[in-house]
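Undergrad: Dropping the structure in here first, questions after.
The values are calculated or read from the model by the stated rules, or taken from the named source; none is laboratory data. All figures in this text were calculated on a predicted structure; none of them were measured in a lab. Cβ placement follows ideal geometry from the backbone for every residue including glycine, while neighbour counts extend to all protein chains displayed. Ligands, DNA and RNA are excluded from the accessible area calculation, which covers all protein heavy atoms including side chains. Shrake-Rupley method; radii C 1.70, N 1.55, O 1.52, S 1.80 Å.
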Amino acid sequence: MEVLLEVEPELEEAELLQEVDEEEEEEEEEDEGLRELRELEETLSRVRIAPSAPHLLVQKAEGDQSEWPVSFRQNSTREKLLLAMADNFRCQYAHLYPDRKPLLLCPVNECGVQKFVSTTLRPTLLPYPELYHWQGCASFVSDFLSLEPLDPPVDPPHKLRSPTWVLRTQRGTCFEFSTLLCSLLLGAGYNAYCVSGYAVKQMCLLNQSRQECPLLKPQVKEELEEQKQDVRKYSVKPPRDLQSSFEHRQEEKRQEDTRIALLSKQQEAQRLQEERERPPLDPLLGLRVHCWVLVLSGNREVPENFFIDPLAGHSYPTTSEKFLGIESIWNHQNYWVNMQDCRFGCAEMTYDLADPVKWEYLLCGSNQSTLLIPDMKKQQEAEKEEDEETEEPKVFEMPPSWVSKIHISQEDMESRCPGGTKLIQYRAATVEKIAPYLLKDGLVTRLTTYDDLECTQPNTVREWYKHRHDHLDERELKKATNVTVEHFRPGRSYALKCHRYVTLVPETERQMDFYSHARADGLASRVETPSEITETFIDRPDFLHYRHVVYGKRELGEMPNNPEQVQRPIQKVVERFHRDRSKAASEDVAEREFLLSEDRIQVTYHKEEDRIIPAWRNFIKPHDAGDSQNANAFTPQMASIFQVDPFKKPCKNLFLYKTLMALMKEEENVLMRIKDSEKEVRAILAARQQEESAVELQISIYNTARNEKARCHREALECLAEDELLRKEEKELDVLAPFLARLGDPESLTQQEALQLRTDCLAELKQRLIDRANLIQARFEEETQELQQKQQWYQKNQLAMTKDDEDEYLAYCSNAMFRINILKLRLSRHKDKAPQKYLALDEKLRRDPRLAHHLW
Amino acid sequence: MNRLFDTAAPSVIDEKMLRKAVQEQGPQGQAGRLAKEEGIQYNEVIQLCLELRNILKIGHLWEFTSLTKLQLNNNIIEKIQGLEKLTNLVWLDLSFNNIEVIEGLDSLVKLQNLSLFNNRISVIENMDALGNLQIVSVGNNLISQLDNVIYLRKFKELHTLNLAGNPICQEENYKIFVAAYLSDLVYLDYRLLDEQTREKACVEYQYALEEMRLNELQEQKEIEAQKITEQELQLHKDAFVELLNGPHLFDSMFADDADAPKLACLPGVTTLLESYKTQLVALCMQMFEAGLTQHARRQNEVESFFSCSREAEADNQQRAAQIAADFERSRRQVMAEMQKATDTKLLEAQASKYSDEISQLCDTLMTLELQLVDQLEDVIKDFERNISDLVGGFTEYVQGIFAQCRDLENHHHEKLLEIAVATLDRVAKNELEEDLPDDVRMLFVDKDTLINAVSASHDTHLLKIDNREDELMMRINSWMSALIKSIQDEEVKRNRKRISEIHNYVDFVKDQLEEILLEEHQ
């Protein structure tokens, strides 16, 4: 249906275009030059109202227009000229290629004013480090905005709102997504273009449910295959193989057959699976309009051209089959129309924009330099300037963007998604993105994978956290086995790194990994089962690297109610050591086994370099070895030893006895250490439980918005300063203090006293004001008198005076006049101010808390 | 010396005293009983204390070879002696004696802690061998020269020094002097050397110290340079072409030739000698270069052989060790079971099964070993062939060059003879313009003398060249045969060791089995 509807306007357009055909042809001949263009504009004004260009109709503006800046509401002359040129271009294009879709050139903005698409791009570099790379920009744009699908999906929109509006409302079509992303990329120095074209349905509608979740993709490990010396000259020949080679071959053949059968089966299954998963055929395939971003190589060390889909924020190679065709591309400087065949997708396209056969440009002259390196550019420009001087005095350049500066606030940057959360559906997986600090437990990302495509049976839940006080970074829960794996950042007590468990109850199955370098005992991991503990160590000075403890059944004889308090009996402890080169091999313990349940100790030593059998000594513990009184405690029968070197003298009994004693002491130490580690496990589990029950989030001291403590501190400081100021003022202006002192500073005042106080206070002020006025008056009079006397004296002696005296007199006069004037001024001001001051004091006294309730 | 009761008669270290001391200071209690039963060997004693025994002379201590700590303080010893065999000594206490000279400590290279407190020593000396010294106490002695401290500079690990009670302590700048010259010292005279003293010392003795340091540095550099030249020479020797990288051969040819300087005086011989020398040196250089490259190739070959054979051995060893370890584990289980078992018949059945297993283990291990022997034999043969090819190639090349040398010499000889004869003629005709020295003139008495002299010179030269060639050939061949022999010997030794190891283990296991059976029968 939609397709049919779509055809009609095109037909109409074609008809109408034929009508204006002739005129346009004329115009084509006499293009160039401002005057002609203006004429053209007039001529084409008829076209503008034609129904063939419905998008040119002035739309009703949204909201209150006055809140937008002038540039949003009006077009400058240059812009008007540009619009005219664009319209000319459009007409010519429609005439030459009547079967191609109309171009998106001059959509209206949010104020209903026509704007050229290139001027909607506003290259901006924002002060956020993550927006300095295309990955960061793309993921921000895709996270921050929510999509408004195009309606109808096969036409470019009539309206292209500014990035300002888009950022404010956090909504936009794919064209607005691209405009914002392209602005950011251009600002970051990428050679980026908006692309208007056609793409597959999943991309246009941001349907990622058939894609693999990017978080699930296995991380690409750098395969460092060790280059072994392949041809060794003297490598020994393998021993002769005495098996029948025929049988061997038969066996191989059989295995190969089964393998092939299995493989084909697998392939079949895979094919079926794919078939099942394949989306139903899209009736609008190839017609769905989409807008994305093209980044050309050259700038910012981009090695190859690539596309970015702004909706999902992913990059694609330019050969990707998801992009079905390109109509036009533009950046902030120019607009190009694709002249290449897109019937088989974009794979074969080239992006040499300087090639006019493949790309038809709108503005001439401004595109050539875009691909050149700065030096060349300058040179080129210089040349161009010369050219311009000689041939063409003026090349029309793209007017500056009408969009106001792009601004993204810190909060927006942090919350990213609209409302702080976003749910993305992937193939058999969902990803939830949550702004930091939004949830109490610090969750920022949750990835749920499912066993089935309908997403009903969750398989694994992986959660990523941020700013957790307990340093939890990631938690993974396998639904099938109910096993939880928690990863921690460094900095926890006991240097816990990773914890895998089913429940937080001690003595159950679990594995804890540690940051071994941060621990004094070098513990790297501890694996527990109900009856065993295995610990591994790294880089210990005593070369211990492995300890294995086997427990027996707990005897519940004494305290059957409290099984926790009874120690599990240890049956066996095995410790293994690395080779200590400073010792002789036959004296360097490799493994010692404390068989507590059998009262035996077995020690195996390291093998010497060229031996195959290690020495060992096995002891049976004497029952009361600590008691030195018991003289017969140790007998040679208690030790059984094997010496590798038959020529070495056998060990003395004294030596064996000493060894045994040392081992028994070690045994005690080992048991202590085991107890310590049990305690540690319990402590960690308790801490985890406590932390989980009350999650705290860390707030950086640099985070001024969130750091409650710092804010309180700051506010408290401000408050304090204010108080201080107030108190100071009050202190200065406590006019009642002397009068109260006169009354002997009473706790409270009686009505009469209060009235008296007030009258006194006012009287005092009155007196002071009068005194002051009198003082000024007196000095004024004195000054005047003196001047008069001087004048009289001067007039008397005028004739007998020298020149110097006269000068002195004149100087005096001017000084005196100045002083008198000042005094006069002061007096008048005082007279003006005095009543005011009086009233002010009166007012203040009325307000004074000590007098207030007596006076009113 | 300042002892109150100096009246007791001086005693001597004798068997009785030592026996008693060892017993008293040896292990006590349970361990003591065991020790007594077995007897204590003097060479196993680790510590010995012979203090307050009025000993006059050290002696009879040579049996205590593993002694690490020896205390001889508070005696009346006058001379350090009889300690030469105690090479493992770490701690030696000779305080409160009457020693006057430090001596007799040269063999105690492991010594770390030396106490000579309260003696009569006036000079610190004779301790050059004690490079590990960390703590030295020579307090309460008669040291009166500050320069003695400088002697202690050579002990790089020395951190504690006691000089208190010596005459030098009276000197004004004693402390600063010590701090300046012993910059690594931490404690001096029971006290921590503080930072201030150190700084002061640095300032005060800056120039003296710098000079000293410079000298030491220079010495070190010289030693290093010498070492480098030695290494180079060694490398050339290993390549069998030492001293061929220059005119050494030429010089040696003429050094033992008495007539050569006389003949050199003849007109035209100088230029002849010049060209002869350059040609010979060029040949020598060729030989030298070839020698070095060939040496590198041989080295490479040897290394690759050793790494491969070691790898094979390690691989084999690992497999055998795995088998042995597995067997040992199962053996322990079986033994435990057998010890518990009561039924004799069952036990016997088990025992027979077990002994089968033992012999099977023996077979497996032996097979593995034989396999390795076979493999290594092949490889060694290959190696032998290759290395003798290499050596053969090199010797042929060298022989060719030596032949060229000989040709050169012959040529030179002819030329020389020509000149000599011509000169003789001229002398005979009295046409010689040049003035010849008298002894040279003596040669020209008659033709025979002259020719004899020239051929004698020629013979000497040829002899030298031959000698050099013979030396090279002999050495390279002996090197090769020694290498091959050592490889074969090593292999035989390894094989015997492994076989004896296997047998040792198997015998042990069998013995254990028999023991159990015996017990059961009883």
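Undergrad: B:Gln294 versus (1) among the polar types (S, T, N, Q); (2) within 10 Å of another protein chain (Cβ to nearest Cβ); (3) open to solvent by less than 50 Å² (accessible area, probe 1.4 Å); (4) under 30 Å from B:Arg468 (Cα atoms): which is the lone unmet condition?
TA: Of everything listed in (1) among the polar types (S, T, N, Q); (2) within 10 Å of another protein chain (Cβ to nearest Cβ); (3) open to solvent by less than 50 Å² (accessible area, probe 1.4 Å); (4) under 30 Å from B:Arg468 (Cα atoms), B:Gln294 misses just condition (2).
Undergrad: Would you confirm whether any residue within segment A:504-513 is farther than 28 Å from A:Ala686 by Cβ, out of contact with any Phe, Trp or Tyr (no Cβ under 6 Å at 6 or more places or on another chain), at pLDDT below 90 and open to solvent by 30 Å² or more (accessible area, probe 1.4 Å)?
TA: No, segment A:504-513 has no match at all.
Undergrad: Turning to a different aspect of this structure: Determine which member of the set B:Glu44, B:Glu51, B:Glu37 is over 34 Å from the mean Cα position of the chain (by Cα), modelled with pLDDT under 85 and assigned by the TED database to the domain that holds B:Gly104.
TA: Checking each option against the conditions leaves just B:Glu37.
Undergrad: Another question, then. What do you reckon, is B:Asn88 within 14 Å of another protein chain (Cβ to nearest Cβ), of a type outside the set (A, V, I, L, M) and under 27 Å from the mean Cα position of the chain (by Cα)?
TA: Considered against the rule, which asks whether it is within 14 Å of another protein chain (Cβ to nearest Cβ), of a type outside the set (A, V, I, L, M) and under 27 Å from the mean Cα position of the chain (by Cα), B:Asn88 comes out as no.
Undergrad: List, please: which pairs have Cβ atoms under 6 Å, are six or more places apart or on different chains, and start with a residue in segment B:390-415 that is of a type in the set (Phe, Trp, Tyr) and end with one that is open to solvent by less than 80 Å² (accessible area, probe 1.4 Å)?
TA: B:Phe394/B:Gln294; B:Tyr397/B:Ala290; B:Phe402/B:Glu469
Undergrad: Let me ask something else about it. Any chance you could count how many residues in segment B:99-125 are in a loop (DSSP other than H, G, I, E, B) and open to solvent by less than 20 Å² (accessible area, probe 1.4 Å)?
TA: Summing the residues that are in a loop (DSSP other than H, G, I, E, B) and open to solvent by less than 20 Å² (accessible area, probe 1.4 Å) in segment B:99-125 gives 10.
Undergrad: In the set B:Leu34, B:Leu61, B:Leu52, which member is within 14 Å of another protein chain (Cβ to nearest Cβ) and either open to solvent by 90 Å² or more (accessible area, probe 1.4 Å) or out of contact with any Ser or Thr (no Cβ under 9 Å at 6 or more places or on another chain) (or both)?
TA: Checking each option against the conditions leaves just B:Leu34.
Undergrad: Conditions: (1) more than 20 Å from B:Arg406 (Cβ to Cβ); (2) in contact with a Gly (Cβ under 6 Å, 6 or more places away or on another chain); (3) of a type in the set (Val, Ile, Thr). B:Val241 meets all but one. Number of the miss?
TA: Here B:Val241 meets the rest and fails (1).
Undergrad: When the residues of segment B:329-345 are narrowed to those that are within 11 Å of chain A (Cβ to nearest Cβ) and either in contact (Cβ under 8 Å) with a residue 12 or more places away in the chain or part of a loop (DSSP other than H, G, I, E, B) (or both), which ends up farthest from B:Leu517 (Cα to Cα)?
TA: B:Arg331
Undergrad: Looking at segment B:11-18, can you tell me whether even one residue there is surrounded by 14 or more Cβ atoms within 10 Å (Cβ to Cβ) and at pLDDT 85 or above?
TA: Scanning segment B:11-18, I find at least one residue that is surrounded by 14 or more Cβ atoms within 10 Å (Cβ to Cβ) and at pLDDT 85 or above, so the answer is yes.
Undergrad: Filter segment A:799-852 down to the residues that are loosely packed, with under 13 Cβ neighbours inside 10 Å and under 60 Å from the mean Cα position of the chain (by Cα) and list them by number.
TA: The answer is A:Ala840, A:Glu843, A:Arg846, A:Arg847, A:Pro849, A:Ala852.
Undergrad: Checking A:Asp151 against (1) surrounded by fewer than 24 Cβ atoms within 10 Å (Cβ to Cβ); (2) more than 16 Å from A:Trp68 (Cβ to Cβ); (3) touching a residue at least 40 places away in the same chain (Cβ under 8 Å): exactly one of these is not met. Which one?
TA: (3)
Undergrad: Before we move on, is B:Arg198 in contact (Cβ under 8 Å) with a residue 12 or more places away in the chain, within 30 Å of B:Ala164 (Cα to Cα) and either among the aromatic types (Phe, Trp, Tyr) or part of a helix (DSSP H, G or I) (or both)?
TA: In short, yes.
Undergrad: Something else: Please work out if B:Asp326 is over 32 Å from the mean Cα position of the chain (by Cα), open to solvent by 40 Å² or more (accessible area, probe 1.4 Å) and within 14 Å of chain A (Cβ to nearest Cβ).
TA: Yes: the conditions hold for B:Asp326.
Undergrad: Filter segment B:263-286 down to the residues that are under 48 Å from the mean Cα position of the chain (by Cα) and of a type outside the set (S, T, N, Q) and list them by number.
TA: Across segment B:263-286, the qualifying residues are B:Ala264, B:Leu273, B:Glu274, B:Tyr276, B:Lys277, B:Leu280, B:Val281, B:Ala282, B:Leu283, B:Cys284, B:Met285.
Undergrad: State whether the residues of segment A:318-332 include one that is surrounded by fewer than 17 Cβ atoms within 10 Å (Cβ to Cβ) and either among the aliphatic types (A, V, I, L, M) or modelled with pLDDT of 90 or more (or both).
TA: The answer is no; no qualifying residue exists.
Undergrad: Given the conditions (1) more than 10 Å from chain A (Cβ to nearest Cβ); (2) touching a helix residue (DSSP H, G or I) at 6+ places or on another chain (Cβ under 8 Å); (3) assigned to a helix (DSSP H, G or I), which single one is not true for B:Leu266?
TA: Evaluating B:Leu266 over (1) more than 10 Å from chain A (Cβ to nearest Cβ); (2) touching a helix residue (DSSP H, G or I) at 6+ places or on another chain (Cβ under 8 Å); (3) assigned to a helix (DSSP H, G or I) leaves (3) as the failure.
Undergrad: Quick one: which of B:Glu63, B:Glu51, B:Glu24 is charged (D, E, K, R), in contact (Cβ under 8 Å) with a residue 24 or more places away in the chain and under 21 Å from B:Ser11 (Cα atoms)?
TA: Just one listed residue meets the conditions, B:Glu51.
Undergrad: Another question, then. Show the residue pairs meeting these rules: Cβ distance below 9 Å; 6+ apart or different chains; first residue within segment A:511-530 and over 14 Å from A:Pro490 (Cβ atoms); second residue of a type in the set (A, V, I, L, M) and part of a helix (DSSP H, G or I).
TA: A:Met512/A:Val681; A:Met512/A:Ile684; A:Leu523/A:Ala495; A:Arg526/A:Val681; A:Glu528/A:Val681
Undergrad: Restricting attention to segment A:659-700, and to residues there that are assigned to a loop (DSSP other than H, G, I, E, B) and of a type in the set (A, V, I, L, M), which single residue is farthest from A:Arg468 (Cα to Cα)?
TA: A:Ala694
Undergrad: Keeping to segment A:638-690, report how many residues are aromatic (Phe, Trp, Tyr) and open to solvent by 60 Å² or more (accessible area, probe 1.4 Å).
TA: Number satisfying all stated conditions: 2.
Undergrad: Hey, another quick one. Is it the case that segment B:105-127 has a residue that's of a type in the set (D, E, K, R) and under 20 Å from B:Val178 (Cβ atoms)?
TA: yes
Undergrad: Right, next: Being touching a helix residue (DSSP H, G or I) at 6+ places or on another chain (Cβ under 8 Å), part of a helix (DSSP H, G or I), among the polar types (S, T, N, Q) and without any contact (Cβ under 8 Å) to a residue 12 or more places away in the chain is true for just one of B:Thr460, B:Thr449. Which residue is that?
TA: Only one candidate passes the filter, namely B:Thr449.
Undergrad: Mind telling me which of the residues A:Asp610, A:Asp627 ends up being facing chain B (nearest Cβ under 10 Å) and either within 28 Å of B:Asp511 (Cα to Cα) or at pLDDT 80 or above (or both)?
TA: A:Asp610
Undergrad: Could you check, for segment B:393-412, whether at least one of its residues is part of a loop (DSSP other than H, G, I, E, B), assigned by the TED database to the domain that holds B:Pro267 and closer than 22 Å to B:Glu274 by Cα?
TA: No, segment B:393-412 contains no residue that is part of a loop (DSSP other than H, G, I, E, B), assigned by the TED database to the domain that holds B:Pro267 and closer than 22 Å to B:Glu274 by Cα.
Undergrad: Within segment B:479-522, work out how many residues are open to solvent by 40 Å² or more (accessible area, probe 1.4 Å), within 11 Å of chain A (Cβ to nearest Cβ) and basic (Lys, Arg).
TA: 2
Undergrad: Any idea how many residues of segment A:578-587 are touching a residue at least 12 places away in the same chain (Cβ under 8 Å) and either open to solvent by 30 Å² or more (accessible area, probe 1.4 Å) or within 16 Å of A:Arg617 (Cα to Cα) (or both)?
TA: Of the residues in segment A:578-587, 5 are touching a residue at least 12 places away in the same chain (Cβ under 8 Å) and either open to solvent by 30 Å² or more (accessible area, probe 1.4 Å) or within 16 Å of A:Arg617 (Cα to Cα) (or both).
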